[in-house]
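Notes to accompany the following structure.
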Amino acid sequence: MIIFYTEQIDGDKALLTGDEAGHCSRVLRKRVGDNITFIDGNGYFFESEITAIRKTECELEIIRKWEQDRKNYSLTIAISPVKNPARFEWFVEKAVETGVDVIIPVICERTEKMSIKDSRLQGIIIAASKQTLKAKFMSLQKVMTFKELINSIATEQAFIPHLNDKTEYLGKIIKPHSSYTVLIGPEGDFTDQEVKMAIQKGIIPASLGANRLRTETAGIIAGQIIGTINEINQ
């Protein structure tokens, strides 16, 4: 199924513009009277009929609307940006696919890259959501420092996987059907002081398994562990 995206919705009318309109009319050669499905990024699918096509716009009439089924948990991954932008972009794409709800880029003591390209990452989120039939977009939050992050966590459970000490496997200690934040450190891991600060805030040390993981891989593995535990405990 090919999915389009627009937020320009007014009652039973909607409008595709820009690349979305071009893909619809010029690439796929849709015509007036054809039906298409689109998402609004807020959790809803729409079936619609094309009522007019102009150079940069496609007008739509909404036939029906339905909400995507909600997960039984929510997951925030707070992760250090990495040096190679392509690797972080890969992480963002796979995070969408595996059901991460929020990404927070976090600047840690050993973080080597301090900025990210929000607009490019937002484009990746939209494309990955359309491809994987996710009607609600993952949220990309503003960059925070490590200290700002640990002082602002509001989820029911929070974990900090790290390599400094022997810790219990994440899959054994999470409680299902909850809200989670998982902190993922930079290349070189969190410092001892950062781990200590996190523990003092009630954040639980955890292990992602025996393998040593790259930052972006660790973020996906953490999400997969939490998703699997919630899936088998439905």
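What follows draws every value from the coordinates through simple rules; no lab data is involved. Quick caveat: nothing in here was measured; it's all calculated off a predicted structure. Positions of Cβ are backbone-derived with ideal geometry, glycine not excepted, and every protein chain shown enters the neighbour counts.
Values for this structure:
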{"item": "Of Lys134/Lys172; Lys94/Lys166; Lys83/Lys117; Lys71/Lys117; Lys13/Lys71, those spanning more than 18 Å from alpha-carbon to alpha-carbon", "result": "Lys134/Lys172; Lys94/Lys166; Lys71/Lys117; Lys13/Lys71"}
{"item": "Positive dipole terminus of the chain, leading residue within Gln68, Ile232, Ala154 (C-beta point charges)", "result": "Ile232"}
{"item": "Extension reserve of the Thr37-Lys196 stretch, reckoned as 0.36 nm per residue once the Cα distance is removed", "result": "52.3 nm"}
{"item": "Neighbour net charge for Asp34 - beta-carbon separation under 12 angstrom, K R +1, D E -1", "result": "0"}
{"item": "Gaussian network model of the chain, springs between alpha carbon atoms under 10 Å - residue of Leu163, Leu133, Leu28 with greatest fluctuation", "result": "Leu28"}
{"item": "Measure of compaction for the stretch 92-143 (Cα Rg per 2.2 N^0.38 Å)", "result": "1.19"}
{"item": "FRET efficiency, 1/(1 + (r/R0)^6) with R0 30 Å, evaluated for Gln122 and Asn164 via beta carbons", "result": "0.30"}
{"item": "Spherically averaged projected area in nm², based on the convex hull that wraps the Cα atoms of the chain", "result": "13.7 nm²"}
{"item": "Cα-projected label distance for Glu187 with Lys71, points at 7 Å along beta-carbon direction, nm", "result": "2.8 nm"}
{"item": "Charge dipole (debye, nearest 20) of the stretch 3-67; +1 at Cβ of Lys and Arg, -1 at Cβ of Asp and Glu", "result": "380 debye"}
{"item": "16 Å reach of a label modelled at Asp12, 7 Å along Cα-to-Cβ, counting backbone N of the stretch 39-71", "result": "46-52, 60-66"}
{"item": "Protection proxy ranking of 117-126, 102-111, 80-89 - average other beta-carbon atoms within 10 Å, highest first", "result": "102-111, 80-89, 117-126"}
{"item": "Alpha-carbon spread of the stretch 181-230, three principal axes, descending order, Å", "result": "30, 24, 16"}
{"item": "Helix 215-232 vs. the chain, principal-axis angle (Cα, 0 to 90°, nearest 10)", "result": "80 degrees"}
{"item": "Computed lengthening from Thr51 to Asn84, 0.36 nm per intervening residue step minus Cα-Cα distance", "result": "7.4 nm"}
{"item": "Simple spin-label estimate for Met1 and Glu97 in nanometres, 7 Å along Cα-Cβ", "result": "2.0 nm"}
{"item": "Simple Cβ-charge dipole of the chain, Lys/Arg +1 and Asp/Glu -1, about Cα centre, in debye nearest 20", "result": "380 debye"}
{"item": "Proportion of all alpha-carbon pairs of the stretch 3-67 beyond 18 Å (%)", "result": "22 percent"}
{"item": "Degrees, to the nearest 10: 118-131 long Cα axis against longest axis of the chain", "result": "70 degrees"}
